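First the structure, in the form of structure tokens, and then the observations on it.
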Amino acid sequence: MKNANIRKINTLGKVSFVIADIVIVVLILGIIGTVLAGITSLGFSDKVLNVTGNVTAQIDVDETNLNPLGRFLIESGAVKVGSIETADVKFNNFGFDMHWNVTEDKTGDNSKTYKIDGAVDEFNGATVKYALSTGCFLTTVLLILILVAAIFGMKLSKRLTDCDSPFQEDVIRAMKHFAYSLIPFGIAALTAEGIGIIGVLSVLVVFLFVFTFSYGAELQKEADETV
């Protein structure tokens, strides 16, 4: 008769196996959906959407009315009043054509005027097509990485369903394969917003458990050989 803790591990393995199966099905459906969405977005006409607009503004800054303390802070550089970085930005790519210009004019010793001129000259369907297709591609890649890890997780769960010890060689091997399958996901997590360092730490924790179990298996093997 199996040890009570081993039976719990077997039960946990069975539950994990079922959950892994469900996750794999959902991931496959998600991959199919994102691929179809990406292909559909490529069919968008550049003329399906066209947006134009502009903005102009003038900001006058006059420091003559500052009190002595304010004047001291300004002159010492501790505080800046109405300081706007000048810029001349132009962008024209993927159906998105815009420019942004900020100029500074000195109108006196303690006064200046900022003139802001910006415009979206073109924002058409090509921009939408590029954004959607790129988003679908990146999502598909991420889902594939998760799918690979889920498949190896399912194999590990299968090993745990009927094992006599979590230190069995086939269980340890399945653990290592699962940990290695998480490496690409961990690398991708470094560049993914919202996952980042947490995803990497999760992968490292999995490796920590794998190496711990691997060492435990070695100790058990040495003990069995000694007996």
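The table for this structure:
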quantity: Packing rank of 13-19, 125-131, 172-178, where each peptide gets the mean count of other beta carbons within 10 Å, highest leading; calculated: 172-178, 125-131, 13-19
quantity: Pairwise label distance in nanometres, R7 with D117, each label 7 Å out on the Cα-Cβ vector; calculated: 8.3 nm
quantity: Chain lengthening between E218 and I59 when straightened (0.36 nm per residue, less Cα-Cα); calculated: 49.9 nm
quantity: Pairwise FRET efficiency - V141 versus F207, Cβ, R0 = 30 Å, nearest 0.05; calculated: 0.85
quantity: Sequence of E122, E169 once ranked by neighbouring C-beta atoms within 10 Å, starting from the fewest; calculated: E169, E122
quantity: Footprinting exposure proxy for V203, V120 (fewest neighbouring C-beta atoms within 10 Å first); calculated: V120, V203
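Here, each number is a calculation from the coordinates, and none is a lab measurement. Quick caveat: nothing in here was measured; it's all calculated off a predicted structure. Glycine gets a Cβ as well: all are built from the backbone with ideal geometry, and neighbour counts include every protein chain shown.
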